[in-house]
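Okay, so here's the structure we're looking at.
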Amino acid sequence: YWIATGSFKLQDVAITIPPEWWPTSPTLENYEKLFTPNTLRWFFNSVFISVMTTLLVCITSALAGYALAKKQFPGVKVIFMVFVAAMALPKQVILIPLLNLITEFGLMNTYYALILPAVGWPFGVFLMRQFSQAIPRELLESARIDGCGEVRTFTNIALPIIKPGIGALAIFTFIASWNDYFSQLIFSNTPDMSTLPLGLAALAQGQEFSNDYGLLMAGASLASLPMIIVFICFQNYFTQGVTLGAVKG
């Protein structure tokens, strides 16, 4: 509420004491200063990177989780343990090796550098593996008896069952990618590749002696809209995902 109302206040009103809880003289000046070609470029970069990351993570995690849960092959438990162990590693630990790989492949300051490192997210694989365990083996065996191949079995039988998990994973992935200031700061170094978090940080540092809080709140309001929209679109799946496995009365 404070951010939303503060985006319609000028600087002298936004920092006044006692605070003005409701803007008595609302203005759109902050949004007029915010919507520049650079800001639109930042917004596009954030949306594109977050959407593509979400799609790729959901696809790879659903396939990997299904394989780890329902396929029997040598080393399946070891592979799953590796994914679980990888969840304990903070991003800062793998940053230097990851930066070296991206530089050697010539991907620095590209969309690939901001999207591909997130594919195969250990938490996503772990989450989808847990959801895939709820798939009855009888359904999979019936599909094979009816002549379904692996692809058709996954798309027609497994995918509808694990949709709640994919919806929950989509929310987690989009929010994590949208707010991933650290990686975006390291792997992009030109204004054209900047994202909205980087742009808002630049706006905050652009004032020599003070911050324009009205402008920052307008930027924060803009940055929160996509996450709200994604949650609204996937909230049913998210609710099902959270309650899956609950004891039925």
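Quick notes on this one:
- Note on Val47 and Asp192: the model spin-label points, each 7 Å out from Cα along the C-beta direction, lie 2.0 nm apart.
- With all pairs of separate Cα atoms included, segment 102-148 yields a Kirkwood hydrodynamic radius of 13.9 Å.
- Helices in the chain, meaning DSSP H runs of at least 4 residues, each add -39500 (n - 2.57). Divided by all residues, the mean residue ellipticity at 222 nm is -21000 deg cm²/dmol.
- Rounded FRET efficiency, nearest 0.05, which uses the C-beta distance separating Phe231 from Glu138 and R0 of 22 Å: 0.05
- Three-way shape call for segment 87-179 based on the alpha-carbon gyration tensor, with the a/c threshold at 1.5: prolate
- Averaged over residues, the count of other Cβ atoms within 10 Å places the peptides 89-97, 111-119, 190-198, 124-132 in the sequence 124-132, 111-119, 190-198, 89-97, highest first.
- Carbon + sulfur, % of accessible area of the chain - ligands and nucleic acids excluded, 1.4 Å: 69
- Label-point separation in nm, Ala85 to Leu185, each point 7 Å along Cα→Cβ: 3.1
- Part-to-part distance (alpha-carbon centres) for segment 31-51 and segment 54-95, which is given in Å: 33
- Taken along the Cα-to-beta-carbon direction at a fixed 7 Å, the label points for Phe35 and Ser224 span 2.0 nm.
- Over the chain, the hull volume per residue, using the convex hull of the C-alpha atoms, is 189 Å³.
- Å² of accessible area per residue within the chain, as computed with a 1.4 Å probe and no ligands counted: 58
- Entries of Lys77/Lys163; Lys33/Lys163; Lys9/Lys163; Lys33/Lys91 with Cα pairs more than 32 Å apart: Lys33/Lys163; Lys9/Lys163; Lys33/Lys91
The values are calculated or read from the model by the stated rules, or taken from the named source; none is laboratory data. Values in this document were obtained by computation on a predicted structure and should not be read as measured data. All Cβ positions, glycine included, derive from the backbone under ideal geometry; neighbour counts span all protein chains shown. The protein model used for the area step is the full one, side chains on, heavy atoms only, and it has no ligands, DNA or RNA in it. Shrake-Rupley method; radii C 1.70, N 1.55, O 1.52, S 1.80 Å.
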